[in-house]
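> Below you will find the structure I want to go over with you.
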Amino acid sequence: MTKKFTDEEYAARLPKKQVGTAVLFFNTKGELLILKPNYKEGWLVPGGAIDENESPLHSAIRETREEIGLNINELQLAGIYYGVKKGVFTDSLKFIFSGGILTDNQIAQIKLQIDELQEYIFISPEKAISLLSSSLQKSIPACLESIKNKTIAYIE
């Protein structure tokens with residue numbers, strides 16, 4: 001006879017995934033905003049882990065506010081990246097949004113989260129890709145194309 005699981009037992013058996021967000025912001029020259037974290041090597045874009053009971057969009061808005069001090073609520077989904085398990089990290093999903101072009105006034109208001117970030121720069125997307133994490137290196141070209149074509153990319 002097959003055992004019937006309670007909702008709690010069934011939920012405990014389900015696989016766990018790491019789920020996060022990333023947000024692509026540009027200046028008027030078309031350069032991409034990247035951030036230098038103080039807790040690991042390389043560069044990032046605004047974003048991070050999605051909290052429990054938080055949607056990807058709300059996470060991207062929150063992470064933008066926390067990391068660069070800007071309240072930007074108009075974000076467009078540009079892509080979804082699936083990453084396989086790596087070492088101690090489970091497989092993951094990353095929702096990548098476009099925050100569009102920041103005005104000079106918005107750029108002047110950027111205030112980095114000093115607990116995690118030490119600097120930011122705007123750099124051509126082609127140069128930025130070589131400085132970013134492997135998942136962003138894989139996903140940003142497809143997301144740039146999806147922004148241009150007003151579509152959504154799926155990247156594995």
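> With among the hydrophobic types (A, V, I, L, M, F, W, C), farther than 25 Å from THR103 by Cβ and touching a Ser or Thr at 6+ places or on another chain (Cβ under 7 Å) as the only criterion, which of ILE50, ILE72 stands out?
Details: ILE72 fails: farther than 25 Å from THR103 by Cβ.
Just one listed residue meets the conditions, ILE50.
> Scan the range 102-120 and report the pairs whose first residue is surrounded by 10 or more Cβ atoms within 10 Å (Cβ to Cβ) and β-branched (Val, Ile, Thr) and whose second residue is at pLDDT 95 or above and not in a loop (DSSP other than H, G, I, E, B), with Cβ atoms within less than 7 Å and a gap of 6+ or a chain change.
Close Cβ pairs (under 7 Å, with a partner that is at pLDDT 95 or above and not in a loop (DSSP other than H, G, I, E, B)) amount to ILE110/ILE68; ILE110/TYR120.
> A further question on this structure: Report yes if some residue within the range 88-100 is modelled with pLDDT under 95, out of contact with any Pro (no Cβ under 6 Å at 6 or more places or on another chain), more than 21 Å from GLY30 (Cα to Cα) and buried (at least 17 other Cβ atoms within 10 Å of the Cβ); otherwise report no.
yes
> Moving on. Out of all the residues in the range 44-71, which are buried (at least 23 other Cβ atoms within 10 Å of the Cβ) and in contact (Cβ under 8 Å) with a residue 60 or more places away in the chain?
The one that is buried (at least 23 other Cβ atoms within 10 Å of the Cβ) and in contact (Cβ under 8 Å) with a residue 60 or more places away in the chain: VAL45.
> Now, a different point. Going by what's in this entry, would ALA22 be described as under 17 Å from LEU112 (Cα atoms), without any contact (Cβ under 8 Å) to a residue 40 or more places away in the chain and touching a strand residue (DSSP E or B) at 6+ places or on another chain (Cβ under 6 Å)?
Details: under 17 Å from LEU112 (Cα atoms): yes; without any contact (Cβ under 8 Å) to a residue 40 or more places away in the chain: no; touching a strand residue (DSSP E or B) at 6+ places or on another chain (Cβ under 6 Å): yes.
No, not satisfied.
> Here's a follow-up. Working only within the range 122-149, note down all residues that are within 21 Å of THR103 (Cα to Cα) and outside any helix (DSSP H, G or I).
Answer for the range 122-149, where residues must be within 21 Å of THR103 (Cα to Cα) and outside any helix (DSSP H, G or I): PHE122, ILE123, SER124.
The values are calculated or read from the model by the stated rules, or taken from the named source; none is laboratory data. This structure is a prediction, so every number in the text was calculated from the model and none was measured. Note that each Cβ is placed from the backbone with ideal geometry, even for glycine, and that neighbours are counted across all protein chains shown.
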